[in-house]
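Visitor: Before I ask anything, let me first share the structure, which is written out below as structure tokens.
The values are calculated or read from the model by the stated rules, or taken from the named source; none is laboratory data. Only a predicted model underlies this, so the values are computations on that prediction, with no experimental measurement involved. Quick reminder, even Gly has a Cβ in these numbers, built from the backbone with ideal geometry, and neighbours come from all protein chains shown. SASA here: full protein model, heavy atoms, side chains in, ligands and nucleic acids out. Shrake-Rupley method; radii C 1.70, N 1.55, O 1.52, S 1.80 Å.
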Amino acid sequence: MKEGRMPANRLSVEKLPRHRNSLNHQNSLPTILNTQRSSIIHVSVRPRQSVRSILNHKDNKESNNNLSHLTVHQKFQFHQNPSKSINIPNETGRNIDHQNNINNQSTSNIHIVDKNRSGTIEALRNPINDHHRSINNKKKQNFIECCCRCSRRRALMSFITLLYLILLSIILAIILIIIMRKTRKTTNIPSPEAYLRWNTNATTLFGTTGIRGNTSYQLSSPYGLVFDSFGDLYISDRSNNRVQKCNIRNLTCITVAGQSNAVSGTNMSDLYGPTYFYIDTNNNLYIADSGNQRIQLWNYGATYGKQIAGITGSGGSGLNQLAGPYGIAMDPNSNAIYISDFNNHRIMKYFPGNLSGIIIAGGNGLGINNTQLNYPNGLLFDSSTNSLIITNYGANNIVRWKIGDSKWTIIAGSSTGLSGTDSIHFYHPASVTYDPMGNMYVADLFNHRIQMYSVNQSNATTIAGISGQLGNSSTILYYPYSVAFDNQLNLYVADEFNQRIQQFLRY
């Protein structure tokens, strides 16, 4: 089809100004269409260049300035009628007669609208309107994209806020737990003045007052006391040549080292006059087998020991010898063993597997100056200061000897070796121990009492026994050698000459 030429059937179209004639056009169109009803279609007419040339050759200026939008707003039934023509007057009163033969060849000028669209014929749109429609669509699309971006931003901000609240809740919960634990710890650890008090009347748990014996519940010169991790009390039953393990709940005892019949010996299964001992975290026993001049290791549950220091039955001053070993301590970091070599006035250090030790403190002869020791007895290792706490029996004091130093510093008692019965003196202290709060307790042997030193205090308080008095009543001690505490801080004392273990309940 040549440009500018129309099909045989003509379609007369009135070019309507925008908005003004839409109503008239809507009212007159049904009367113009005189057809036979055959089917219902929706059409949209897109004018090609040929139609625009016809319309624009007279009104070129006008078409450039006005938006021509010819639209049929009313649903109608369109019927093919080749013999009829549709005359629609234009705005100038002239008729433009165009035959419009609806067939397959004219589909370039007639476009079928999607059935999902509205029931109106969106017809006769020109490219300008298409342009504006495209702009509107873009605006809508931009608006939707903006809304989506805003929705994503809001979702992201909501997620961040929720995450922040969760983290804040976790932090607050951790702080609350820490505060509660601190409060609980503060509650469970009483101050010495208010809560660390004991009944002055003791109960005899093991042994028979004033009577020696070698049955499972009797003792003969009880010496050292230690609790294991299960809460059982270990007793070095010196003159019975054994170590007893006693249950403080049902008051029964069994022999865990040495011979239960109290027979002494030099074999690995024997003991001879054991004094102090140490229990490690695995409940293994390190025993000062004093009469045999050796240290024995009894693994938990074993029936015999292993010699780890000294020479059996041979006392001496050599680095592989001991002369009356008493106190034992251990450095848990290196597993080194420290031993109070009583008659050699020194502290020996032994590394695992080495039967020859080194002098770590003392060794300068008997004396009372700060480079000497005087019959060291009880012994503790303080890991917090890497030092030894030594019961300096013959000098009547408790001293601290830091590992690597060449002299001690005084902790309690007389620095000049003086004895006494007042609150600042001892009379041959035998052993020392600490409670979990750092208070120090000393078995003041010849004063027949137990002295308590609160943290950073130089004056002691007597918590068991009566100073200078010996006897066998429930309030009196007779050469107390050792002190121990259970997990309730009840006090236990090895009352040697009374052949018993006394319990002083805390209240």
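Visitor: Can you find, among L205, Q293, N397, the residue sitting farthest towards the positive end of the charge dipole of region 203-504, where Lys and Arg contribute +1 and Asp and Glu -1 at Cβ?
Guide: Farthest towards the positive pole: Q293.
Visitor: Leaving ligands, DNA and RNA out of it, rank M268, M452 by accessible area with a 1.4 Å probe, largest first.
Guide: Values: M268 70, M452 15 Å².
Sorted descending by solvent-accessible area, the residues read M268, M452.
Visitor: What does the charge count near D228 come to, summing +1 for each Lys or Arg and -1 for each Asp or Glu among other residues with Cβ under 15 Å from its Cβ? Walk me through the intermediate numbers first.
Guide: Details: positive: K245, R249; negative: D232, D280, D486.
Around D228, the charge tally is -1.
Visitor: Keeping all protein chains in place, calculate the accessible area per residue for region 332-389 (probe 1.4 angstrom), answer in Å². Mind showing how you got there, number by number?
Guide: Numbers: 2360 Å² over 58 residues.
In whole numbers, region 332-389 has 41 Å² accessible per residue.
Visitor: Using protein chains only and a probe of 1.4 angstrom, how many square angstrom of E145 are accessible, to the nearest 10?
Guide: 80 Å²
Visitor: Right, another one. Residue by residue through region 285-293, which ³J(HN,Hα) values in whole Hz follow from phi under the Karplus form 6.51 cos²θ - 1.76 cosθ + 1.60 (θ = phi - 60°), with glycine and proline marked x?
Guide: For region 285-293, the Karplus-derived couplings read 9, 10, 10, 7, 7, 4, x, 9, 6 Hz, x marking Gly and Pro.
Visitor: Keeping all protein chains in position, work out how much accessible area F446 exposes to a 1.4 Å probe, and write it in Å² to the nearest 10.
Guide: 70 Å²
Visitor: Next question. For each pair in K306/K349; K245/K407; K245/K306, compute the distance between the two Cα atoms and list the pairs where it is over 26 Å. Numbers along the way, then the final one.
Guide: Numbers: K306/K349 18 Å; K245/K407 37 Å; K245/K306 19 Å.
Over 26 Å Cα-Cα: K245/K407.
Visitor: Remind me, relative contact order of region 203-504 in percent, using alpha carbon pairs under 8 angstrom and six or more residues apart?
Guide: Details: 917 pairs, mean separation 39.7, N = 302.
Contact order relative to length: 13 percent.
Visitor: From the backbone phi of region 395-400, what are the Karplus-calculated ³J(HN,Hα) couplings (6.51 cos²θ - 1.76 cosθ + 1.60, θ = phi - 60°) in whole Hz, Gly and Pro given as x?
Guide: Per-residue couplings from phi come out as 9, 6, 8, 10, 10, 10 Hz.
Visitor: To continue, here is another question. Find the centroid of the Cα atoms in region 357-376 and in region 446-463, then give the distance between the two in whole Å.
Guide: After rounding, the separation between the Cα centres reads 25 Å.
Visitor: Given H placed 1.01 Å from N in the peptide plane, which residues other than close sequence neighbours of R294 have an amide H under 5 Å from its amide H?
Guide: D289
Visitor: Further question on the same structure: Rg and Dmax in Å for region 249-353, alpha carbons only: what are they?
Guide: 13.5, 46
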